[in-house]
Amino acid sequence: MVDISKKFKLDNYDFFLILIVIILLFVIVSSTFVSEESNVITENIVKEITETPTGITGMIVKTSVRVVP
Amino acid sequence: MSKYTPLLVVIVVILVLFLLYQNFESVITSVTGLWSAWNWSWSNVSVGAAAPVVEDVLLEDAPNDGGSNVIVLYGGSNKTVWCNATVVDDNGGANFNTSWANASIFDTDYTNYQSCNQESEWDNNMCYFVPNETYNANCTWGARKNDTAHYLNCTFEMRYNANYTNETSNLNWICTINVTDADNYNGSGTNTSNVSQLLAVAVDSVLEFGNMNVGDYGCQGCTGCDQNPDTVCEDLNHTVWNYGNIQMDLALNGTDMSGSNCGGAGYIDVQELHYNCTSYTNSWSKMSPLTETSTSVNCTGFDLYKSTTPQGPPADSTKKLPWKLHVPSVSGYCEGNITFNAIDGR
């Protein structure tokens, strides 16, 4: 079995720093997962919507007369 | 200390700075949620009973036609409006009361807004409340954001006659969401949006004067009319609907009446068509001549109010626009078009 501490000449202080690095990476990665979860929820809401016209502001109407003799 | 120590210190500093650059609070909250999701028992912290907090309330329409904090209504129908929020309870997920929540939206001119918290107070113009069995409106608890936060979505079907945002009086719409938790602590949150002005019109599809003689003023069936332009007689009334939320006037123009079956002179000048925007049963000579397409004239004073029906589908707001026609030396069947445009009538 390889003794990493001897191979790289690491002391306890280095192991403590490595542990902090691992914790910080975990915090950053986990926060990314949660923000992706929010995006998924937003997309679901968008898929539920339907489009309809907002209204008619003008109309053209036919007018007529029959002229009798 | 080893030769790697300075490198490790630098990495730690960079990661800490990166975390501070991001929203540190949300990051910590997220990690808390993950601990719980994976059922890790890392530590036991005793948190006292805390009231739920309603955060990030957002009142907007769906689809969001007008952009952030602007609600665009649909003419003659309903528009779905969302009031969404995130509910945070520091006591954790078990403390949420997901069987209860309510919400109201009301305009700020509604003096009795404190009563907008029950189904009976529903008013299409100014107050909507959920849950409401009659209108199938409710609040729905959505996905869990993390262990201490829950999404909450409340929907309203806003009628087309809802009051618009008035810039001069600063009238706008407020959404209030109320929640409670297992400890019977209450929480609420609000957000404000504008409702845009809506112009929407409908008119009878045809304006038929029927059978008339050369020289007549009026229409077939216009009682009292004859071949004198100054004779006071009945009108041919044409119905106009206001399907918006503001008082409406009209802008009118038209074409000559002609066609392959229109003999004699071959056409009736557009100005032989007369209307009156403000009164009825006038003589043809006291009414306004229609103008051709390129010179639209505003029919001010028509003043067709919006529907004010408080509950249920809005009753139609309609008004008759009176018309008379003078028939010159033509024969046969003559036809043309009239264009009705809705304009702001306030």
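What the table shows:
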{"quantity": "Qualifying residue in the stretch B:166-189 (condition: at positive phi, touching a residue at least 12 places away in the same chain (Cβ under 8 Å) and under 27 Å from the mean Cα position of the chain (by Cα))", "calculated": "yes"}
{"quantity": "Every pair of residues 6+ apart whose Cβ atoms lie under 7 Å, when the first sits in the stretch B:201-217 and is farther than 12 Å from residue B:324 by Cβ while the second is of a type in the set (Ser, Thr, Tyr) and surrounded by 13 or more Cβ atoms within 10 Å (Cβ to Cβ)", "calculated": "B:201/A:57; B:201/B:243; B:202/B:243; B:208/A:64"}
{"quantity": "When residues of the stretch B:131-166 are limited to those that are within 14 Å of another protein chain (Cβ to nearest Cβ) and aliphatic (A, V, I, L, M), the one surrounded by the fewest Cβ atoms within 10 Å (Cβ to Cβ)", "calculated": "B:143"}
{"quantity": "In the stretch B:68-98, the residues that are assigned to a helix (DSSP H, G or I) and closer than 12 Å to residue B:144 by Cβ", "calculated": "B:93, B:94"}
{"quantity": "Qualifying residue in the stretch B:283-302 (condition: within 30 Å of residue B:123 (Cα to Cα), more than 14 Å from chain A (Cβ to nearest Cβ) and surrounded by 14 or more Cβ atoms within 10 Å (Cβ to Cβ))", "calculated": "yes"}
{"quantity": "Candidate set from the stretch B:291-334 (those that are outside any loop (DSSP other than H, G, I, E, B) and more than 19 Å from residue B:239 (Cα to Cα)); member that is nearest to the chain's Cα centre (by Cα)", "calculated": "B:292"}
{"quantity": "Residue within the stretch B:97-108 that is at pLDDT 85 or above, among the acidic types (Asp, Glu) and either touching a strand residue (DSSP E or B) at 6+ places or on another chain (Cβ under 8 Å) or within 25 Å of residue B:164 (Cβ to Cβ) (or both) present", "calculated": "yes"}
{"quantity": "Residue tally, condition among the small types (Gly, Ala, Ser) and within 20 Å of residue B:61 (Cβ to Cβ), over the stretch B:93-125", "calculated": "2"}
{"quantity": "Failed item, numbered, when residue B:73 is tested on (1) away from chain A (no Cβ under 14 Å); (2) surrounded by 21 or more Cβ atoms within 10 Å (Cβ to Cβ)", "calculated": "(1)"}
{"quantity": "Filtered residues of the stretch B:76-113 (kept if surrounded by 17 or more Cβ atoms within 10 Å (Cβ to Cβ) and of a type in the set (A, V, I, L, M, F, W, C))", "calculated": "B:81, B:82, B:83, B:85, B:87, B:88, B:96, B:101, B:103, B:105, B:106"}
{"quantity": "Qualifying residue in the stretch B:186-200 (condition: of a type in the set (A, V, I, L, M, F, W, C), assigned to a strand (DSSP E or B), under 19 Å from residue B:344 (Cβ atoms) and within 14 Å of chain A (Cβ to nearest Cβ))", "calculated": "yes"}
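The values are calculated or read from the model by the stated rules, or taken from the named source; none is laboratory data. Bear in mind that the values here come from a model prediction, so they are computed numbers and not experimental data. So basically every Cβ, Gly included, is an ideal-geometry build from the backbone, and we count neighbours across all protein chains shown.
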